Each structure stands twice: as C-alpha cells, then as structure tokens.
C-alpha cells in the first residue's frame, strides 16, 4: 500500500471528503493523509526542510491562526494543491477593464494587456510556491502537483465576465504554472478531459453548492484520485 | 530717435545681463509657456528626454493624458519595464519626425507599413516600438491585436489633447527599402535581422524634418483645430552614428538641424512653442555640469533644473501635486534613460 500525503489549499478538503465517502474502491491501493487549509495561506509562507520533515509556516490569513504544518519526507508520494488554483487570477477585478489580445474585438471598451504582462503578474504571485516546490522535489521520493477544476460553469455569470475572458485568464494562469512545472521536471495530475468543455468545468463535475465558485464535485475528486492512483477514470454517466 | 536698435531691449537680450552676471540657477525668462497649462490635457511623445516631461506633469498634479494606463496588477517596476506611463501612449521612443509622421498617417490615413513585425527567437516584436514589450509578444496575431488597440488610443489622444509636447531626438534612422518605413532602432539590435538589401540608413535633413513636422501639426489640427504644441530638442548626444563622421560631429549636426527646425516651426506656426531644454543642459552657463560622467546621460539635477524652467510661468493653482507618484518613488539616478533603445547601440559595441 502506497503512502501518500496530499496537502495544500481547500481543494484538498474536497478530495478528503470524496475519499472518505466514495473512495472505498481506492482505499486498498493507498493510505492517504490529507492536510487542507485556506488557500490564502499559500500566497506568502515560509518553509524549511530538515532530515525528517518539511516545515511550513504561514501567517498570511488575517483573523486566523497561523498555519503550522510538518510533513514527513518519507511518504512514497507527496501531492501539493495550490499553484494551479487559478481563481485569484480569473476572478480578479482587472478583467472588468482589461482583456487579453484575443478578446480585444469582443471587448472593444477594454484596454488590452499583453500575455507577457499577465505572466509577469502571475509569476510574481507564485514565486514563493515555485521556490517551495523546487525544494520539495529534491527532498522527497516523488512529488506531483494537483490540478483543481477549470473555472466552474457558473463563474462567468456569477462574476459578470464573458466566458472567453474567464477561460483566457484561467489558461494564462495554468499556462504559467504548467510551463514552470515542465521546466522543473515536476508532474501534475491534470483535470480529466471529460470534466470540462470549452475551458469550463461541466456541471456534473462542479460542486453543487451554488455560492461556491471553484471547487469540484465528488465526481471530480474521485476522478482525480483515480488518476493519482493509476486507476483509469471514467466519465460519469449520471449524477 | 534711438541711438541703436538694441537700446531698449530687455535684460534677457544681453549676454552680460542675462548670463554673465548671474549664477546659472538664476537665469530667467527662458520660456514663457502656456500659462493655463494646468487646465489643459497634455500629451507627450518623443526621444528619451521627453519621458521627464510626462513624469513631472504627473508629479505636479497636472492633467497629463495617460491613454494606455498600466494594469493595476503590475508593480510600478513591472509597469515601467513594459513601457507603461513613459509617454501618453505606449509608443516607446519616437526619435525622429519621420516616425511621428508615420504614426499620424497610420492613425488618420490608413498607412500600412509592410515590414513591421520582427522576430527574435520564437518571440515577435512590433518593430515600430520594440522596447515596450521587452520579451516580445507570443505571436504575430498578438502583435497585430496590440497595435490595433494602440492606434485606437493614439487616435483618441490626438483628437482630444490640448497640448502635444514632442521632443526631437535624432536625425539618423534606419528605414525599410520596401516602403521607406523608419524604425526607432536598427534591425538586429532588439529584434529582427539586419539585411542590407532590406534596410537602408538615412540621415534626415532640415527640409525633410521641417516637412514631416509641419505635416504632423497640420494633420493633428485637421481633427483637433485647437491643439497646441510644445517642441523640444533632446540634449542627449547620439549613442552611435552610422555616418562616416565622428560621433561628436554627428551629434552636433543632428542637434543643430533639429534645433533649427524646432525654432523655425515655432516662428512659422501659431500656438507652437519651443521649449529650450536643449540650451539649459548644453548651454555655457552650466558648463556641462548636468551630464553624468559618460557625458551623454543627464543627471536628475539637470532634469529638475530643466523642469523648473518649464513650469516657471504656469499657474499651478488647483493642481494637486502627487506625493507618491511612480515617478517620484523611482530611483532615477540615471535620469530615466532606462527606456533608450538608441543606447543599446553602444552596449552592443562594447
């Protein structure tokens, strides 16, 4: 049985719930420890690597106690969820005034921002996570990154943004991260093709909680856990 | 009857009274300016030195036109790197009147340059403003989309500005042998490939520069009859010359021609002023003390000194000086020449 640690932002919470409620068929394949926390902790944080553990400290969420997390280095596989969470990018108010070049004809009143400008912004925000991942990769047997769902189908309506702009902003964010992961030799467990269409997560794979703009459904989480454990995930026929 | 024609002239007309008997910092009456400038929408363009005029307008709380504002997601340093806030539009340095004329024609007459997207590796550059995206664009389509947007903003700027401040910088430029398009940099410096059959060197002469500038003034006034102009000449010497002359001789030629054209335009057109930033920096009173050790770049103290003359007669009542502007917070030891593509010629040579 493989020992796995999945840690990071709130998407880990979705995975944990799915694992407990719907993951019986997977539990004989692996033992998984989940550490979920508010995504904002991962914007600014400190870490250190000792002989036994990776120690993480973050005090970046106002009104909440600091995050103190020790992760054993001897898990067979460590999975990090956070850098591919693109919601802070595609939900940013900047998209009410600016668009990317491909959306410029659809948004004639918007200013046009270059992809390079957007990439500079995203890279800066992710810098501490990039350094962190470099350190982890060289400190543990196997390290991969978890990809949360593409923007949920309800996001454009909810944030009064065009579908194309949401998708473009999301792709910009994920593109920066995937490029960096590729250059760093770090794999990602990517969202299965059948969970999304035209850049947005399908309703079946989006959480049913109406006010939630970014978490996946149990189906999404199970599909991702199956992919992680080498089980061929299959599209859901019905919810 | 007057004893001679100089008898009633003011102090400013006499070297002994206006210069020799004064400390350099007390020289006055160099520029009258538009006293109502604080109420006017001012746009800037031109050679490197023009960057300071925009920055100082912002610093003093004047209604400076920023038609392509930086996305708020960028830090001040990032915005600067991407050429935001340097001029009223993101056209980069417009060193020659030929470049300015082309821009006006692109905006108002549908000029369509042939060879304007250059490559460097797998990145694409707008050859007419290669410095504004230092890493280039991801594709030719992206270059085109940005240029469409840029031209729309430039058009709006020309249609709505009250005062256009333009700093003339160079007479030398590289042009396309296909359609004569003048570029701000030689092909191969930032991007593109230099091919002698595709590109030719040009050193614009007085009649061409006067014609280009007159054309621009006329074209802008067709769409914006009340527009006023302030012309300046950059005191920054050439980084390199492609003529056979020594760079010092080439600099003197270029600056002399530009200075003569600017002066004549101010004399020949209504509401066109010449602002003598060139004289303030290069003139004898300051003994070239405002130049940095390379004798090319101007120290911040020199820029500040120039700007005191620019604003001296302007009623700044009601203007709200910004205390935390990007310009003010910048370490500007080099006087702002970080956006000078021409300087790259020198760097290449080292």
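So that you can scan it fast, the table gives a plain yes or no per residue for (1) at pLDDT below 95; (2) over 27 Å from residue A:224 (Cα atoms); (3) outside any strand (DSSP E or B); (4) in contact with a helix residue (DSSP H, G or I) (Cβ under 8 Å, 6 or more places away or on another chain):
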site	(1), (2), (3), (4)
A:55	no, no, no, no
A:60	yes, yes, yes, yes
A:75	no, no, yes, no
A:85	no, no, yes, yes
A:95	no, yes, yes, yes
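Summed over segment B:31-50, residues that are in contact with a helix residue (DSSP H, G or I) (Cβ under 6 Å, 6 or more places away or on another chain) and modelled with pLDDT under 95 total 1. Considering segment B:93-123, the residues that are without any contact (Cβ under 8 Å) to a residue 40 or more places away in the chain and within 14 Å of chain A (Cβ to nearest Cβ) include one that is nearest to the chain's Cα centre (by Cα), namely B:117.
Scanning segment B:64-79 for residues that are over 22 Å from residue A:173 (Cα atoms) and more than 8 Å from chain A (Cβ to nearest Cβ) gives B:64, B:65, B:66, B:67. Answer yes if at least one residue in segment B:209-230 is in a loop (DSSP other than H, G, I, E, B) and surrounded by 17 or more Cβ atoms within 10 Å (Cβ to Cβ), and no otherwise. Looking for residues that are in a loop (DSSP other than H, G, I, E, B) and surrounded by 17 or more Cβ atoms within 10 Å (Cβ to Cβ), one finds at least one in segment B:209-230, hence yes.
Can you confirm whether segment B:155-174 contains a residue that is within 14 Å of chain A (Cβ to nearest Cβ) and either buried (at least 22 other Cβ atoms within 10 Å of the Cβ) or touching a strand residue (DSSP E or B) at 6+ places or on another chain (Cβ under 9 Å) (or both)? Checking segment B:155-174: at least one residue is within 14 Å of chain A (Cβ to nearest Cβ) and either buried (at least 22 other Cβ atoms within 10 Å of the Cβ) or touching a strand residue (DSSP E or B) at 6+ places or on another chain (Cβ under 9 Å) (or both). So, in segment B:60-87, exactly how many residues are within 27 Å of residue B:315 (Cα to Cα) and outside any loop (DSSP other than H, G, I, E, B)? So the count comes out to 1.
The rows are residues; the columns are (1) touching a helix residue (DSSP H, G or I) at 6+ places or on another chain (Cβ under 7 Å); (2) closer than 27 Å to residue B:111 by Cβ; (3) in contact (Cβ under 8 Å) with a residue 12 or more places away in the chain.
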residue: B:203; (1), (2), (3): no, yes, yes
residue: B:209; (1), (2), (3): yes, yes, yes
residue: B:235; (1), (2), (3): yes, no, yes
residue: B:243; (1), (2), (3): yes, no, yes
residue: B:248; (1), (2), (3): no, no, no
residue: B:262; (1), (2), (3): no, yes, yes
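From the list A:16, A:44, the one residue that fits, being in a loop (DSSP other than H, G, I, E, B) and in contact with a strand residue (DSSP E or B) (Cβ under 8 Å, 6 or more places away or on another chain), is A:44. From the list B:90, B:81, which residue is surrounded by fewer than 23 Cβ atoms within 10 Å (Cβ to Cβ), more than 19 Å from residue B:275 (Cβ to Cβ) and touching a residue at least 40 places away in the same chain (Cβ under 8 Å)? Going through B:90, B:81 in turn, just one is surrounded by fewer than 23 Cβ atoms within 10 Å (Cβ to Cβ), more than 19 Å from residue B:275 (Cβ to Cβ) and touching a residue at least 40 places away in the same chain (Cβ under 8 Å): B:81.
Could you please let me know if residue A:147 is within 14 Å of chain B (Cβ to nearest Cβ) and either touching a helix residue (DSSP H, G or I) at 6+ places or on another chain (Cβ under 9 Å) or closer than 27 Å to residue A:215 by Cα (or both)? Against the criterion (within 14 Å of chain B (Cβ to nearest Cβ) and either touching a helix residue (DSSP H, G or I) at 6+ places or on another chain (Cβ under 9 Å) or closer than 27 Å to residue A:215 by Cα (or both)), residue A:147 does not qualify.
I want to confirm something. Restricting to segment A:1-33 and keeping residues that are surrounded by 18 or more Cβ atoms within 10 Å (Cβ to Cβ) and over 24 Å from residue A:88 (Cβ atoms), which single residue is nearest to the chain's Cα centre (by Cα)? So, considering only residues that are surrounded by 18 or more Cβ atoms within 10 Å (Cβ to Cβ) and over 24 Å from residue A:88 (Cβ atoms), the one nearest to the chain's Cα centre (by Cα) is A:5. Within the option set A:73, A:55, A:64, A:44, being free of Cβ contacts under 8 Å to residues at least 24 places away in the same chain and surrounded by fewer than 18 Cβ atoms within 10 Å (Cβ to Cβ) holds for one residue only, A:55.
Of all residues in segment B:26-40, those being assigned to a loop (DSSP other than H, G, I, E, B) and more than 17 Å from residue B:64 (Cβ to Cβ) number 7. Taking the numbered list (1) at pLDDT 95 or above; (2) surrounded by fewer than 18 Cβ atoms within 10 Å (Cβ to Cβ); (3) farther than 28 Å from residue B:131 by Cα in turn, residue B:272 passes all entries but (2). Of the residues making up segment B:135-146, those that are surrounded by fewer than 18 Cβ atoms within 10 Å (Cβ to Cβ) and more than 8 Å from every other protein chain (Cβ to nearest Cβ) are B:139, B:140, B:144. Return a yes/no flag: does segment B:185-204 have any residue that is more than 27 Å from residue B:120 (Cβ to Cβ), surrounded by fewer than 19 Cβ atoms within 10 Å (Cβ to Cβ) and away from chain A (no Cβ under 14 Å). No; the residues of segment B:185-204 include none that is more than 27 Å from residue B:120 (Cβ to Cβ), surrounded by fewer than 19 Cβ atoms within 10 Å (Cβ to Cβ) and away from chain A (no Cβ under 14 Å).
Among the residues of segment A:185-239 satisfying the criterion of being in contact with a strand residue (DSSP E or B) (Cβ under 6 Å, 6 or more places away or on another chain) and in a strand (DSSP E or B), which is surrounded by the fewest Cβ atoms within 10 Å (Cβ to Cβ)? Filtering segment A:185-239 for residues that are in contact with a strand residue (DSSP E or B) (Cβ under 6 Å, 6 or more places away or on another chain) and in a strand (DSSP E or B), the one surrounded by the fewest Cβ atoms within 10 Å (Cβ to Cβ) comes out as A:187. Among the residues of segment B:111-134, those that are modelled with pLDDT of 95 or more and closer than 24 Å to residue B:213 by Cα comprise B:111, B:112, B:113, B:114, B:115, B:116, B:126, B:127, B:128, B:129, B:130. You will find that of A:156, A:88, A:101, A:149, the residue that is touching a residue at least 24 places away in the same chain (Cβ under 8 Å), buried (at least 19 other Cβ atoms within 10 Å of the Cβ) and on the phi < 0 side of the Ramachandran plot is A:149 and no other.
So, in segment A:109-135, of the ones that are away from chain B (no Cβ under 13 Å) and surrounded by fewer than 19 Cβ atoms within 10 Å (Cβ to Cβ), which residue ends up farthest from residue A:188 (Cα to Cα)? It comes out as A:128.
The values are calculated or read from the model by the stated rules, or taken from the named source; none is laboratory data. Quick caveat: nothing in here was measured; it's all calculated off a predicted structure. Here Cβ is always computed from backbone atoms with ideal geometry, including for glycine, and neighbour counts include all displayed protein chains.
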